[in-house]
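Below: one structure, written as structure tokens.
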Amino acid sequence: MEDFELAPIGQENYFLFSTSYQAKESSKNNDMSNKTLNLTDQLYDYILKSSLREPEVLRELRDTTMQLPEHNMQISPEQGQFMRLMVQLINGHKGIEVGVFTGYSALSVAMGLPEDGRLVALDISEEWTNVGQTYWAKAGVADKIDLRIGPAVDSLQKMLAAGEQGQYDFAFIDADKENYLNYYEYCLQLLRPNGLIMVDNVLWSGDVIDPSKNGPEVNAIRNLNQHIAQDQRVDIILLPISDGITLVRKL
């Protein structure tokens, strides 16, 4: 199978949401806002206190990951809970995770799967995934996670070659950004109709709207965002959760 490529597009074509805005004085007394609320540290703490339900085993894995130099690759706890809820809402049984790191998102999702649920987890690092496997076992969900070490593009191609098109309920993409378009297209083929793809880091710390930022990672994210925005095979929403997450429903 050939990799998918998308030609670079002009900066003026990016239409993305921001996580903050400066409210006008005249809008302060409005009962409702027509923009996403500015998330201060205090309001973020309130959100966590009011809604976060993080099992102890997840907190332990998060704390362990924080000791690593690459800890910034860890998703936030509320994002893990959001992902688990989304999978439960679609009654997901069979899913794909592209990019595992230390396994927090895989653990969070697996804890929301039914007994016969399965998550195919793709990553290139045995070192990082070994961290997560200890906690998967502790949580009693190790048998739900099918970890496959190797380049995710190769693994996804093998799944397609094995005839697994349309057999998965959901996918989470959070790996090397240069391959985001490939991951998206392969996962879309593997999903059933009404299946869900969640794509992480789609705002890239706000760099997607900064014309001075032109590295390969941010350009790959911009291209994917534009590609998804124009994709008539799906319904979409880009949410300002953590570093931005796009939800994609296959039609």
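The values are calculated or read from the model by the stated rules, or taken from the named source; none is laboratory data. If you're wondering where the values come from, they're calculated on a predicted model, not measured in any experiment. Here the Cβ positions follow ideal geometry from the backbone for every residue, glycine too, while neighbour counts run over all protein chains shown. Please note that ligands, DNA and RNA were not included when accessible areas were found on the heavy atoms of the full protein model with its side chains. Shrake-Rupley method; radii C 1.70, N 1.55, O 1.52, S 1.80 Å.
Quick notes on this one:
- Among the residues of the range 196-235, those that are under 14 Å from the mean Cα position of the chain (by Cα) and either under 23 Å from Leu85 (Cα atoms) or assigned to a loop (DSSP other than H, G, I, E, B) (or both) comprise Leu196, Ile197, Met198, Val199, Asp200, Asn201, Val202, Leu203.
- Pro193 satisfies every condition listed in (1) in a strand (DSSP E or B); (2) open to solvent by 10 Å² or more (accessible area, probe 1.4 Å); (3) within 25 Å of Thr36 (Cα to Cα) except (3).
Here is a yes/no grid of residues against (1) open to solvent by 20 Å² or more (accessible area, probe 1.4 Å); (2) of a type in the set (Gly, Ala, Ser); (3) free of Cβ contacts under 8 Å to residues at least 40 places away in the same chain:
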| position | (1), (2), (3) |
| --- | --- |
| Ser105 | no, yes, no |
| Met111 | yes, no, no |
| Gln167 | yes, no, no |
| Ile173 | no, no, no |
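- Among the criteria (1) buried (at least 20 other Cβ atoms within 10 Å of the Cβ); (2) farther than 27 Å from Val234 by Cβ, the one Leu203 does not fulfil is (2).
- Looking across the range 140-162, the residues that are open to solvent by 40 Å² or more (accessible area, probe 1.4 Å) and either at positive phi or among the small types (Gly, Ala, Ser) (or both) come down to Gly140, Ala142, Ala161, Ala162.
- Meets criteria (at pLDDT 95 or above, surrounded by fewer than 15 Cβ atoms within 10 Å (Cβ to Cβ) and either assigned to a loop (DSSP other than H, G, I, E, B) or in contact with a Pro (Cβ under 9 Å, 6 or more places away or on another chain) (or both)) for Asn38: no
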